[in-house]
Amino acid sequence: MENKSKQWRFKVKKDLTTSVSNFNIRSVLGKLHGAIDATDPRPPPIFLGHGDPSAFPCFRTTPVAEDSIVDALRSAKFNGYAPAIGVLPARRAIAEYLSSNLPYKLSPDDVNLTSGCAQAIEVVISALSQPGANILFPRPGFPAYEARAAFSNLEFRHFDLLSDKGWEVDLDAVEALADDNTVAMVIINPGNPCGNVFTYQHLQKIAETASRLGIMVIADEVYDRIAFGTNPFVPMGTFGSIAPVITLGSISKRWAVPGWRLGWLVITDPNGILKETKIVESIHGCLSLCADPATFIQGAIPKILEDTKEDFFKNILNILTHASDICYERLKDIDCLTCPHKPEGSMFVMVKLNLSLLEDIVDDIDFCYKLVKEENVVFLPGITVGLKNWLRITFAIEPSSLEDALGRVNSFCQRHAKKQ
Ligand SMILES: *Cc1c(COP(=O)(O)O)cnc(C)c1O
């Protein structure tokens, strides 16, 4: 009993679990998936909340990637520990892969391997966390950034993405938010959750703004080259000579293998500005503490990047184009949902919920709970990505299931519509 009243030193001062679970897609979807009754005889559940299409036969990764893993494993060359920044052949292959899209050549030394893009986020946020500093994040955005910053006690501020301007960055807001302690701004392009792709001109303006403010740009390009609208994908590193850029990416999305956990953190800074600060050292220090991606996956990277046929990517882009068309068209038939911008990249779209047309729905979370209970369809509440009373929908599923799901959403909305 005496022990209970004692003041233990290891008491957590700040409740990180709450701040983190508010920004946790997995925990929100876990609760929604938990609401599904497995004994229910209705049509099977359809999951439009997450962004992992790997289970669908039409999104299965290329045999080239699978064979590369088998070959690396059987070579017995990748059974030991790797260097903290990753094995050289993999770093060289990633440098080549990214340089093919840049006006300058990256060196393998610019590339650091991570356990997926998620660990690249963890490392860059940890490296930038210092007392008094702050960082600028997009809203809506990807909640792992907020969660990581909360864990590292790094203050974050939000600038808006503008729904009526194709989800471009509100650059005036960036200028207004930044102060002498701002270290970086984050962009996600192609966009999660909005499915937008920034133009060359807009990316250049972002770089010029960052340069004026004296901050770096962290470019989350995990949807690298997953662009199927009019704007081609342009890497932020293109403007690395205007403001230094740290590029984050992975094979998770383009190769549809998020479970393989192979990503990268790349210094795209042709003028070497970051080298003069302690940032690169800090990143290396952080990586030397982290667990590395499995070495046989590292060993497979050169073949995966060099030998994957264009046909594989073309086929995935065709499916995504078709699915995003279905999604956009079906949403037009649903009165209480509006889609301000047709998706042109990534796997997601944001839609606005018009609560005034619904009778008994109080907010986006309520909408998602009732939808899963009544129709076995899962959407992600917008609040999870920073926009209350919006919804994030993934269209990266088998197109026939997508039609089915949006049909069920339509009946749900009609059933809950306010009576005239
Ligand atoms: C999926 C995703 C990540 C995480 O990627 P992994 O390689 O699976 O760790 C990071 N950022 C964004 C925007 C994502 O959508």
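Rule-based calculations on the coordinates, nothing more; no lab input. As the structure is a prediction and not an experimental result, all values here were calculated from the model. We place every Cβ from the backbone using ideal geometry, glycine too, and count neighbours over all the protein chains shown.
Here are some notes:
- Nearest-0.05 FRET efficiency for A38 and D366, computed from C-beta distance (R0 22 Å): 0.45
- For the listed peptides 349-355, 289-295, 120-126, a ranking on the average number of other beta carbons within 10 Å per residue, highest first, reads 120-126, 349-355, 289-295.
- Rg ratio for the stretch 281-367: its Cα radius of gyration over 2.2 N^0.38 Å, N being its residue count, equals 1.78.
- The GluC sites (Glu not before Pro) of the stretch 363-412 include none that meets both criteria, a DSSP state outside H, G, I, E and B (loop) and at most 13 other C-beta atoms within 10 angstrom of the site's C-beta.
- Under 17 Å of direct C-alpha separation, and excluding same-chain neighbours fewer than eight residues apart, K4 reaches no lysines at all.
- R0 of 45 Å, Cβ-Cβ distance R225-K419: FRET efficiency to nearest 0.05: 0.40
- Remark: the N315-N3 segment gains 106.0 nm on full extension, using 0.36 nm per residue and subtracting the alpha carbon distance.
- Within the chain, percent of DSSP bridges classed antiparallel, to nearest 5: 55
- Given R0 = 45 Å, the distance between the Cβ atoms of N271 and C58 translates into a calculated FRET efficiency of 0.55.
- Taking label positions 7 Å along the Cα-Cβ direction at both D335 and S27, the computed distance is 3.8 nm, reported to one decimal.
- Model label points for F151 and A76, set 7 angstrom from Cα along the Cα-to-Cβ axis, are 3.8 nm apart.
- Summary value for the stretch 59-117: 28 percent relative contact order, contacts being C-alpha pairs under 8 angstrom separated by 6+ residues.
- If you run the Gaussian network model on the chain, springs between alpha carbon atoms under 10 Å, then out of A72, A90, A184 the most flexible one is A72.
- Centre-to-centre, using Cα atoms only, the stretch 25-93 and the stretch 394-420 are separated by 27 Å.
- Cα gyration tensor category, rounded, prolate or oblate, for the chain with a/c compared to 1.5: rounded
- With 30 Å as the limit, the listed pairs K165/K253; K31/K253; K165/K419; K314/K342 have K165/K419 beyond it between alpha carbons.
- Low-density loop positions, trypsin sites (Lys or Arg not before Pro), the stretch 278-342 - DSSP coil, at most 11 other Cβ in 10 Å: K309
- Cut-off of 10 Å, at most 10 other beta carbons, DSSP loop: longest stretch of the chain lacking such chymotrypsin sites (Phe, Trp or Tyr not before Pro): 82-420
- D325 versus K342: modelled label distance in nm, points set 7 Å from Cα along the beta carbon direction: 1.0
- The chain: most fluctuating residue of T62, T39, T238 per GNM, C-alpha cutoff 10 Å: T39
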